[in-house]
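Worksheet: one structure, shown below.
A short reminder: the numbers here are calculations on the coordinates, not readings from a lab. Nothing here was measured: the structure is a model prediction, and the numbers come from that model. Because the Cβ atoms are built from the backbone with ideal geometry, glycine has one as well, and the counts that use them run over all protein chains shown.
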Amino acid sequence: MDASIFKIFPLPVLGDSGQIQFRAEMFNSLNHPQFDQPNGRVDIAQGGTITNLSNDMREVQFTLKVLF
């Protein structure tokens with residue numbers, strides 16, 4: 001589940017349409033793992049085990065955008 005919130009603040013220094021936008025975005029916000037396919041080799045000790053994830057861990061980014 002991805003999520004984002006943002007807030008727009010007026011910035012009169014840049015004219016009537018000047019704004020600053022603050023954004024906070026989260027990717028994989030619940031931090032649930034999605035497991036990759038199991039190892040398909042049966043002739044080794046790790047055969048049939050899942051050792052990788054198919055998605056990234058939680059990522060959060062903050063952005064400050066100036067609109068004029």
Legend entry - the chain, relative contact order [Cα under 8 Å, separation at least 6], %: 36 percent
Inset, instruction - Consider the candidate values (i) 21.5, 70; (ii) 15.1, 45; (iii) 14.0, 37; state which one is Rg and Dmax of the Cα atoms in Å computed from the structure displayed. - result: (i)
Inset, instruction - Treat every Asp and Glu Cβ in segment 7-68 as -1 and every Lys and Arg Cβ as +1, leave all other atoms uncharged, and give the resulting dipole magnitude about the Cα centre to the nearest 20 debye. - result: 180 debye
Inset, instruction - Starting from the Cα of residue 16, move 7 Å in the Cα-to-Cβ direction to define the label point; list residues of segment 54-68 whose amide nitrogen is under 18 Å from there. - result: 67-68
Inset, instruction - Could you please report the charge total around residue 2, scoring K, R as +1 and D, E as -1 over all other residues with beta-carbon less than 12 angstrom from its beta-carbon? - result: -2
